[in-house]
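As structure tokens, the structure follows; a few thoughts come after it.
Only the coordinates and a few stated rules stand behind these numbers; no lab work does. These numbers come from a predicted model, not from an experiment. We place every Cβ from the backbone using ideal geometry, glycine too, and count neighbours over all the protein chains shown.
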Amino acid sequence: MTLEIISPSEILFKGEADSVTLPGALGSFTVLKNHASLISVLNAGSVVYRTPAGEEISVDIKGGLVDVDNNIVSVCVY
């Protein structure tokens, strides 16, 4: 699936990911390939994603929104 992590000033990451774990308002959740469409508010915490090469990368955020649709995960952070 394609992951985009975007802040107001820059694109933090755009590429392929096997999984993405996000700090949702009601608790942490993980998105995998073919996940159902959703939109969620994100709390402060870490967005953790795993690349196809198996590397796990963490990005700290203060909050934001995520949109999941058709294997595209768009994370807008501040």
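First select every other residue whose beta carbon is under 11 angstrom from the beta carbon of Thr51; then total the charges, Lys and Arg +1, Asp and Glu -1. Provide the component values of the computation, followed by the final result.
On the way: positive: Arg50; negative: Glu16, Asp18, Glu55, Glu56.
Counting the neighbours of Thr51, the net charge comes to -3.
Which loop trypsin sites (Lys or Arg not before Pro) in the chain, with loop taken from DSSP, have no more than 11 other Cβ atoms within 10 angstrom of their Cβ?
Numbers: sites: Lys14, Lys33, Arg50, Lys62; in loops: Lys33, Lys62.
Answer by residue number: Lys33, Lys62.
Name the shape class, rounded, prolate or oblate, that the alpha-carbon gyration tensor gives for the chain, where a ≥ b ≥ c are the square roots of its eigenvalues, rounded holds for a/c under 1.5, and otherwise prolate holds if a/b is larger than b/c and oblate otherwise. Each step should come with its number before you reach the end.
Working: a/c = 1.37, a/b = 1.16, b/c = 1.18.
Rounded is the answer for the chain, as its axis ratio a/c remains below 1.5.
What residue among Ala17, Ala36, Ala25 shows peak mean-square fluctuation when the chain is described by a Gaussian network model with Cα springs under 10 Å?
Ala36
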